[in-house]
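Input: a single structure, listed below in structure tokens.
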Amino acid sequence: MSTKNIQVIIDAEQDNQLKKIGTKVIHNERILFDEGVYLFEKASLPYVGALANWKRESLHGDKTYFNKNFHIEPTNVCVFSCKFCSYSKLYAHKEEGWELTIDQMLDIVKSYDGKPVTEVHIVGGVHPKLTLAFFLELMRAIKAHRPELHIKAFTPVELDYMFRKAKVSVAEGMRLAHEAGLDSLPGGGAEIFHPEIRTKICEDKATADEWLLIHKTAHELGMHSNATLLYGHIEAYKHRIDHMERLRQLQDETKGFNTFIPLKFRNDGNEMSYIEESTLANDLKMYAISRIYMDNFPHVKAYWPMLGRDTAQLTLSYGVNDIDGTIDDTTKIYSMAGSEEQTPAMSTEDLVRLIKQGRRQPIERGTLYNVIQDYSNYEFAENEAS
Ligand code: V47
Ligand code: SF4
């Protein structure tokens, strides 16, 4: 969208406060806390959508990134009891869960030998018996087998628990993890930082400050990371903005975050199933306001296994410039929480088609947004392996 066109939309807006916010956005001025809340409360979806789309196109044009990745979920046994989680089996209740050995996880990595994946994403429950030493050995084994495979692994919730058990400081623990092969951190475990909500939905796991400290430490070691926000449950708009504000402040300091990923709360099979899921219009508004508010985050991602591919495609017009990867049916977190994507897997061709149908330019990226291939004019051969 051209600046001339967005100016027409801002001029047509009746609400002076919304006009002022829009003018700030297109002059690349930071919007404030209260202005973020105001957008949620008062702005129409077309208005925030147009501003977010302008911002997205001024940063990335039509470029839309995806990657070739797979997940490993070492265990779904967890000592914590987050109320929104459909995935974990409580250790205390001795419920049935899985727990993979290093050899089993290495076999998963080996099953991708000869396939052009670039990233393994490793996260799972917090099993009381799985130690820092175990995960260091896992990463060393993966790197020994396939050194160029990017390891994006562990939330601060998992890391904080491992470090405490191993009696090492965050700085020491992160140094050891990085040395063993940890390349970057995924965005999970953030949920909602504000204690008014955090204590109600996940009171026993790492706090906001502990989460932020681990990411800060990773950034200081030269690693990059992502950040998520779990929306659409009991939080108010001010809690969403508070969460984004804390991330924006850390990003000002470190510049270590790559991507902001709003995660839609899915309500199947968890203790918060009584809460209705957010509507499509509210999902799009969340993505749009994220793009506007997170002015120092280069990328905003729609994670298609959680959102569904149709909604992920729509978000490409509401500020999003990344839709994650091929996944290859290797994660259960969202299928267990009721996502329409029960066996999440997309071929390269599927991803490219989805992005092109959304009138954008498909680019395969590495984890750190290095361009691997521009698929704009790529013709897929029949039966092409992806
Ligand atoms: O922290 C758990 C979320 C997260 C539910 O960094 C739920 O590239 C919705 O962070 N409804 C883990 N969400 C996954 C994650 C992630 C995923 C993809 C890519 C990246 C990245 C990070 O999943 C948890 C939690 O916020 N989650 N249960 C649920 N019922
Ligand atoms: Fe455990 Fe993570 Fe589920 Fe919380 S969200 S119960 S930490 S697996």
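Put simply, of F66, F154 the only residue that is of a type in the set (A, V, I, L, M, F, W, C), within 23 Å of the chain's Cα centre (by Cα), crowded, with 22+ Cβ neighbours inside 10 Å and farther than 18 Å from A180 by Cα is F66.
Within region 124-143, restricting attention to residues that are open to solvent by less than 20 Å² (accessible area, probe 1.4 Å) and of a type in the set (A, V, I, L, M), the residue that is nearest to F80 (Cα to Cα) is V126. Give the residues of region 1-36 that are touching a residue at least 60 places away in the same chain (Cβ under 8 Å), surrounded by 15 or more Cβ atoms within 10 Å (Cβ to Cβ) and of a type outside the set (A, V, I, L, M, F, W, C), sorted by residue number. Scanning region 1-36 gives a single hit, G36.
Within the bounds of region 157-170, is there any residue that is at pLDDT below 95, open to solvent by 10 Å² or more (accessible area, probe 1.4 Å) and under 27 Å from M336 (Cβ atoms)? The answer is no; no qualifying residue exists. Note on region 101-123: residues that are open to solvent by 20 Å² or more (accessible area, probe 1.4 Å) and within 16 Å of ligand 2 (Cβ to nearest atom) amount to 1. Among residues of region 196-246 being out of contact with any Phe, Trp or Tyr (no Cβ under 7 Å at 6 or more places or on another chain) and among the hydroxyl-bearing types (S, T, Y), the one that is farthest from F265 (Cα to Cα) is T217. In region 259-359, counting only helices (runs of 4 or more DSSP H) that sit wholly within it, the ones holding 2 or more residues that are in contact with a helix residue (DSSP H, G or I) (Cβ under 7 Å, 6 or more places away or on another chain) and touching a residue at least 60 places away in the same chain (Cβ under 8 Å) span 280-293.
Table: residues versus (1) more than 16 Å from F70 (Cα to Cα); (2) touching a residue at least 60 places away in the same chain (Cβ under 8 Å).
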position: W98; (1), (2): yes, no
position: D113; (1), (2): no, no
position: E119; (1), (2): no, yes
position: K129; (1), (2): yes, no
position: F134; (1), (2): yes, no
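If you go through region 229-251 one residue at a time, do you hit one that is more than 16 Å from the chain's Cα centre (by Cα) and either in a strand (DSSP E or B) or of a type in the set (F, W, Y) (or both)? Yes, the conditions are met somewhere in region 229-251. Here L263 meets each of (1) among the hydrophobic types (A, V, I, L, M, F, W, C); (2) over 19 Å from C202 (Cα atoms); (3) touching a Ser or Thr at 6+ places or on another chain (Cβ under 7 Å) with one exception, condition (2).
On the given criteria, is V109 at pLDDT 95 or above, within 14 Å of ligand 1 (Cβ to nearest atom), farther than 21 Å from E210 by Cα and in the same structural domain as Y274 (by TED's automatic domain parsing)? Answer is no for this residue. Taken over region 189-211, the criterion of being of a type in the set (V, I, T) and either within 12 Å of ligand 2 (Cβ to nearest atom) or surrounded by fewer than 18 Cβ atoms within 10 Å (Cβ to Cβ) (or both) is satisfied by T199, I201, T207. Scoring K20 on the criteria (1) assigned to a loop (DSSP other than H, G, I, E, B); (2) farther than 23 Å from R246 by Cα leaves a single failure, condition (1). Take the conditions within 29 Å of A236 (Cα to Cα) and open to solvent by 10 Å² or more (accessible area, probe 1.4 Å) and apply them to H60. Does it pass? Taking the combined requirement at face value, the residue does not satisfy it.
Every residue, every condition in (1) touching a helix residue (DSSP H, G or I) at 6+ places or on another chain (Cβ under 6 Å); (2) in the same structural domain as Y303 (by TED's automatic domain parsing); (3) closer than 23 Å to D322 by Cα, yes or no:
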| site | (1), (2), (3) |
| --- | --- |
| E13 | yes, no, no |
| K24 | no, no, no |
| L32 | no, no, no |
| S44 | no, no, no |
| V48 | yes, no, yes |
| K68 | no, yes, yes |
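If only residues of region 179-188 that are within 14 Å of ligand 1 (Cβ to nearest atom) and open to solvent by 10 Å² or more (accessible area, probe 1.4 Å) are counted, the one that is farthest from R266 (Cα to Cα) is D183. Applying the condition of being open to solvent by 30 Å² or more (accessible area, probe 1.4 Å) and closer than 26 Å to I21 by Cα to region 293-312 and asking which residue is farthest from ligand 1 (Cβ to nearest atom) yields D295.
Test I214 against the stated conditions and say whether it is assigned to a helix (DSSP H, G or I), among the hydrophobic types (A, V, I, L, M, F, W, C) and either under 21 Å from L51 (Cβ atoms) or in contact (Cβ under 8 Å) with a residue 60 or more places away in the chain (or both).
Values: assigned to a helix (DSSP H, G or I): yes; among the hydrophobic types (A, V, I, L, M, F, W, C): yes; either under 21 Å from L51 (Cβ atoms) or in contact (Cβ under 8 Å) with a residue 60 or more places away in the chain (or both): no.
Here the answer is no, as I214 does not meet what is asked.
Would you call S81 of a type in the set (S, T, N, Q), assigned to a loop (DSSP other than H, G, I, E, B) and open to solvent by 20 Å² or more (accessible area, probe 1.4 Å)?
On the way: of a type in the set (S, T, N, Q): yes; assigned to a loop (DSSP other than H, G, I, E, B): yes; open to solvent by 20 Å² or more (accessible area, probe 1.4 Å): yes.
When the stated conditions are applied, S81 passes them.
The values are calculated or read from the model by the stated rules, or taken from the named source; none is laboratory data. Please read all numbers here as calculations on a predicted model, not as lab measurements. Virtual Cβ from ideal backbone geometry, glycine too; neighbours counted across all protein chains shown. Surface areas here come from the heavy atoms of the whole protein model, side chains and all, with no ligands, DNA or RNA. Shrake-Rupley method; radii C 1.70, N 1.55, O 1.52, S 1.80 Å.
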